[in-house]
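Have a look at the structure below before the remarks.
The values are calculated or read from the model by the stated rules, or taken from the named source; none is laboratory data. Quantities reported herein were computed from a predicted structural model and do not represent experimental measurements. Quick reminder, even Gly has a Cβ in these numbers, built from the backbone with ideal geometry, and neighbours come from all protein chains shown. Ligands, DNA and RNA are stripped out before the accessible areas are found, and what is left, the full protein with its side chains, is counted by its heavy atoms. Shrake-Rupley method; radii C 1.70, N 1.55, O 1.52, S 1.80 Å.
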Amino acid sequence: MNLLTVMLQAQGGSNLSFLIMMIAIFAIMYFFMIRPQNKKQKEIANFRKNLEVGQSVITAGGIYGKVKEIEDYTVTVEIASGVKIKVDKNSIYADAQAQANK
């Protein structure tokens, strides 16, 4: 009977340690993966919200150009002299000047 009591106590302790370990793993994933990704998404959203005409940008496809016109959901980008393309506002990812300075 004494051995059964010791075994039950040992098993209960392992459940607690398992729970603590799972919480620790989730905390590590949050601080190293989820939190930085959310921060980056907020920076990109803020960048898109503050777009200005004449600003150099990079699209999701890697096209460099200058913003010529901003509408609600689209942006007209001049990629060469006289060549303009209309892209979705969500496909603009970075400031070309900031990328060149890195």
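Brief remarks follow.
- So residue 66, is it of a type outside the set (S, T, N, Q), open to solvent by 100 Å² or more (accessible area, probe 1.4 Å), at pLDDT 90 or above and touching an Asp or Glu at 6+ places or on another chain (Cβ under 7 Å): no
- Those residues of segment 41-60 which are open to solvent by 70 Å² or more (accessible area, probe 1.4 Å) and under 17 Å from residue 96 (Cα atoms), in sequence order: 43, 46, 49, 50, 52, 53
- Filter result for residue 79 (in a helix (DSSP H, G or I), out of contact with any Pro (no Cβ under 9 Å at 6 or more places or on another chain) and either surrounded by 10 or more Cβ atoms within 10 Å (Cβ to Cβ) or modelled with pLDDT under 90 (or both)): no
- A Cβ distance below 6 Å, combined with a sequence gap of six or more or placement on separate chains, defines the contacts here; from segment 71-83, residues that are charged (D, E, K, R) reach residues that are assigned to a strand (DSSP E or B) and open to solvent by 50 Å² or more (accessible area, probe 1.4 Å) in the pairs 78/66; 78/68; 78/84.
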